[in-house]
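As structure tokens, the structure follows; a few thoughts come after it.
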Amino acid sequence: MKQELEKIADEILRQNANQHGVPYNFSNRDFMNTFIIFQTAILDKMYSLQSQENMELQDRLNMATACGKELRKLIHTFTGLDTHNVEDFL
């Protein structure tokens, strides 16, 4: 997926440089797709950190749960969307 992510990021950066703040008008489904990618990436990095720090399983689980709750809160606070309401993203 590395090449696909590079293409997407490059295209977004190119459009940002040319559009000067024009919104993308992402649908809720588009937003959820980007969230899935971000959530996967952050959990991957979190797993690396947990391994590096040799964390116990329960601490890893607690950290992952806290991360999920914080992401849900962040998204709801700034978009009004609740990631637990899957039907809003179909």
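The values are calculated or read from the model by the stated rules, or taken from the named source; none is laboratory data. Computed from a predicted model, the values in this text were never measured in an experiment. Cβ placement follows ideal geometry from the backbone for every residue including glycine, while neighbour counts extend to all protein chains displayed.
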Worksheet item: Just wondering, is there one or more residues in region 36-54 that are modelled with pLDDT of 95 or more, of a type in the set (F, W, Y), out of contact with any Pro (no Cβ under 7 Å at 6 or more places or on another chain) and under 24 Å from V86 (Cα atoms)?
Response: yes
Discussion item. Cβ-Cβ under 7 Å, sequence separation 6+ or interchain: first residue in region 29-58 and without any contact (Cβ under 8 Å) to a residue 24 or more places away in the chain, partner part of a helix (DSSP H, G or I). Which pairs?
Written reply: M46/M63; M46/A64; M46/C67; Q50/R60; Q50/M63
Worksheet item: So which helices (runs of 4 or more DSSP H) stay within the chain end to end and still have 3 or more residues that are touching a helix residue (DSSP H, G or I) at 6+ places or on another chain (Cβ under 7 Å) and surrounded by 13 or more Cβ atoms within 10 Å (Cβ to Cβ)?
Response: 28-52, 57-79
Worksheet item: Can you find even one residue in region 51-68 that is under 22 Å from D88 (Cβ atoms) and small (G, A, S)?
Response: yes
Fill in: Candidates G21, G80, filtered to the one that is without any contact (Cβ under 8 Å) to a residue 40 or more places away in the chain, on the phi > 0 side of the Ramachandran plot and over 17 Å from the mean Cα position of the chain (by Cα)
G21
